[in-house]
Structures are given as C-alpha cells and as structure tokens.
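A short worksheet on the structure shown next.
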Amino acid sequence: MRIMGLDFGSKTVGVAVSDLLGITAQGVETITREEENKLRRTCARIEELIQDYEIETIVLGYPKNMNNTAGDRAKKTEEFKDMLERRTGLPVVLWDERLTTAASERILMESGVRRENRKAVIDKVAAGLILQGYLDSLKRETGNEQ
C-alpha cells in the first residue's frame, strides 16, 4: 500500500504518491480546479488515484504562517481534510508545508525548467516535497534511516 501527498491550493491540487516501500515520493499530476469552492471533480479525481495506486493514507500540506499561526488558507485546508476523510474513509495527516513552494521553484529553476513551464508542475513538485518530508519523518521515528 502507498501514501498520497497533496498540495491543496485555491486553483490547483498537486498530487504525489510514495513507492510501495514508503521510501520515496514521486509527483503524479496537478489537478486544476475551475472554481475555488467547487471540489466535486477534484475529489472524484483524487478518489480515482486512491484506487489506482492503492493508497492507505493521505498526507495533506498544511499552510501555516511563518509565525506558526493558522490563517484563512489553513482553515480551508482543514475543511478539505474533513471532506477527504468523509469521502474516502482514509486517515488524512496534516503536514507543515511552509516553504515547499519556494523549494519547488528553486528545484525547477536549478533543473533548467523554463519559467512558463514551471507553473504547470510546481504544485506536483511541492506535493512530492510534502510527502517526502512525511516519509522521512516515519523513517526517523522507526529508526530505519540508512
């Protein structure tokens, strides 16, 4: 079974999944939303991916402010978490995503991805970073660092 990472934004949702061993995260896709408050298609696509990849847990990026407070975006993420848990029946873990978009931008720039092409993949890369951070924390907790 695998773990799914999500980078939930107002217009897009980046999706990543772990390998079967739970060691690495790979970006899968970016789901584009037509309107911020319309999530039916987004949730349906996430549910398809859960089935395709046999997901057992979802890690959802939690956009806390730099001073560790939860703003408007964090509250919307909490509502999305509740919706995902109801719809999928899977546990959803909130994971601090501060600076993942900036790190994703840096990775893409260093990889030579042109500015106009970055927008299409940045959320997928951010989802991968969120998920990889979670996977690494699991390894530290169990003492399985290599």
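The values are calculated or read from the model by the stated rules, or taken from the named source; none is laboratory data. Fair warning: this is a prediction, and the values are worked out from it, not measured in the lab. Every residue, glycine among them, receives a Cβ derived from its backbone with ideal geometry; neighbour counts consider all protein chains shown. Heads up: the accessible areas ignore ligands, DNA and RNA and are worked out on the full protein's heavy atoms, side chains in. Shrake-Rupley method; radii C 1.70, N 1.55, O 1.52, S 1.80 Å.
When the criteria are applied in full, Thr77 meets the requirement of being under 15 Å from the mean Cα position of the chain (by Cα) and either over 23 Å from Glu141 (Cα atoms) or modelled with pLDDT under 95 (or both). If you go through the stretch 52-66 one residue at a time, do you hit one that is free of Cβ contacts under 8 Å to residues at least 24 places away in the same chain, under 16 Å from Lys124 (Cα atoms) and open to solvent by less than 40 Å² (accessible area, probe 1.4 Å)? So far as the stretch 52-66 goes, no, none of its residues is free of Cβ contacts under 8 Å to residues at least 24 places away in the same chain, under 16 Å from Lys124 (Cα atoms) and open to solvent by less than 40 Å² (accessible area, probe 1.4 Å).
Total residues in the stretch 105-146 satisfying the condition of being within 17 Å of Glu29 (Cα to Cα), open to solvent by less than 50 Å² (accessible area, probe 1.4 Å) and either aromatic (Phe, Trp, Tyr) or at pLDDT below 70 (or both): the figure is 3.
The C-beta contact set for the stretch 1-16 (first residue among the hydroxyl-bearing types (Ser, Thr, Tyr), second residue open to solvent by 10 Å² or more (accessible area, probe 1.4 Å), distance under 7 angstrom, 6+ apart or interchain) comprises Ser10/Glu36; Thr12/Thr30; Thr12/Ile31; Thr12/Thr32; Thr12/Arg33; Thr12/Asp123.
One line per residue, one yes/no per condition, for (1) open to solvent by 70 Å² or more (accessible area, probe 1.4 Å); (2) among the hydrophobic types (A, V, I, L, M, F, W, C); (3) closer than 13 Å to Leu131 by Cβ:
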| position | (1), (2), (3) |
| --- | --- |
| Gln26 | yes, no, yes |
| Glu29 | no, no, no |
| Arg33 | no, no, no |
| Ala44 | no, yes, no |
| Gly71 | no, no, no |
| Glu79 | yes, no, no |
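Against the conditions (1) in contact with a strand residue (DSSP E or B) (Cβ under 9 Å, 6 or more places away or on another chain); (2) among the aliphatic types (A, V, I, L, M); (3) not in a strand (DSSP E or B), Met66 satisfies every one except (1).
Of the residues making up the stretch 1-14, those that are surrounded by fewer than 24 Cβ atoms within 10 Å (Cβ to Cβ) and among the aliphatic types (A, V, I, L, M) are Met1, Ile3.
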